[in-house]
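Here's the structure we're looking at; comments come further down.
The values are calculated or read from the model by the stated rules, or taken from the named source; none is laboratory data. None of the values given here were measured: they were computed from a predicted structure. Using ideal geometry, Cβ is built from the backbone for each residue, glycine included, and neighbour counts are taken over all protein chains shown.
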């Protein structure tokens, strides 16, 4: 009730004409007859709304909802019909322009409109009990899906999909390789399908780089990408690179560079297999709603919501778990950077690429081949002074036969953080006392290591 009244403080003006109401209402239709009778009934007889509120919702229902329901007098109103009606309402609200443009606000308004419409239709059924039962409000209506919930997969889904790609590297290497470029490199679907791995992928000490210069179009490599920023070099760390190497081991190089597959086929394959690990039956519908309203959307059709999920998931992991800066993420995703060319690093330089890969190793989805220092021990020798970027765990080993005296200097980002040092003689607990000040830039770019 509160949400409905809240929506009415800034009511969405009813569209005077819609695709379904262009020919007007059928006044002889049983639904219309029941609605007309309800209009003449005192609101207090069927609702707790005030008269002015009831009048506004009845006007909205008569213009925007009832014309879309008339066809279902003698046929079932399915889940697909409910979804299409909800999408039409979202479209109406977006086109109207009088509501807030934020994704959550638009979806919340659509939910409130459907809640009010359900109340009115139930009252119509009270007037005419022969009307069919129609559920306009989704069962999970009150569980508003926030954009960040569909822009990042859960840790369990990520891990299961990563393990699936490792298995598919042998059984279906083409799809697995292209899917890995999307999952670990934030490549768009057509970009991943258009990669020729023998000419576009360069293996390095830290993993590999993928040069994005083409996309698949009509089964050919098209040199025209979505934007100028889409031309980039993607960095992939050692863990996922091990899967890419495995895929290539099961493929035969063609005589000339060509796409591995069609983008539509790749998108369908990824979506089908990713869906097996996602519990929510409405996940893809929720993604479509958010992608449609996203001002920086990649999802131009139903297939592209797959890339939308994987690219946003990459951005979420890179930002929150790996500590990449916004500028680094923008470059890797092919987005425009807020920094000038002279103010940002050249990410084509091997040293900068190696630093990006080292940061990405903080999130271990592929343990085999990973360069995370807890999985790949760091060998030490005498008279060696080394520095490492932040990780949640390190494993150091003596590379010689003589004992070493180690001096460890550790900086913690949080006051009171406990540092555990484990060695042959036991475990020593150290507590960080000197902590750097959390300036705005440090706080924004701090990785959630260990989460």
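Elements of the type helices (runs of 4 or more DSSP H) sitting completely within the range 39-126 and holding at least 2 residues that are without any contact (Cβ under 8 Å) to a residue 40 or more places away in the chain, surrounded by fewer than 21 Cβ atoms within 10 Å (Cβ to Cβ) and outside the structural domain of residue 137 (by TED's automatic domain parsing): there are none.
The residue of the range 274-297 that is modelled with the lowest pLDDT, among those that are part of a loop (DSSP other than H, G, I, E, B), under 26 Å from residue 166 (Cβ atoms) and in contact with a helix residue (DSSP H, G or I) (Cβ under 7 Å, 6 or more places away or on another chain), is 278. Look at (1) assigned to a loop (DSSP other than H, G, I, E, B); (2) in contact with a helix residue (DSSP H, G or I) (Cβ under 8 Å, 6 or more places away or on another chain); (3) closer than 19 Å to residue 173 by Cα and you find that residue 252 fails only one, number (2). Condition (residue is modelled with pLDDT of 85 or more and farther than 30 Å from residue 95 by Cα) applied to the range 331-342: is it met by at least one residue? So far as the range 331-342 goes, yes, one or more of its residues are modelled with pLDDT of 85 or more and farther than 30 Å from residue 95 by Cα. Checking the range 212-219 against the condition returns a match, with at least one residue being closer than 25 Å to residue 170 by Cβ, in the same structural domain as residue 159 (by TED's automatic domain parsing) and in contact with a helix residue (DSSP H, G or I) (Cβ under 6 Å, 6 or more places away or on another chain). Regarding residue 200, is this residue exposed (fewer than 15 other Cβ atoms within 10 Å of the Cβ), modelled with pLDDT of 90 or more and more than 22 Å from the chain's Cα centre (by Cα)? Judged against the criteria, residue 200 is not a match.
Within the range 360-380, the residues that satisfy the criterion of being crowded, with 16+ Cβ neighbours inside 10 Å and in a loop (DSSP other than H, G, I, E, B) are 361, 362, 363, 364, 365, 366, 369, 370, 371, 372, 373, 375. Could you tell me whether the range 153-161 includes any residue that is outside any helix (DSSP H, G or I) and either buried (at least 21 other Cβ atoms within 10 Å of the Cβ) or free of Cβ contacts under 8 Å to residues at least 24 places away in the same chain (or both)? Yes - at least one qualifying residue is present in the range 153-161. Among (1) at pLDDT 85 or above; (2) farther than 28 Å from residue 225 by Cβ; (3) surrounded by fewer than 18 Cβ atoms within 10 Å (Cβ to Cβ), where does residue 352 come up short? Unmet condition: (2).
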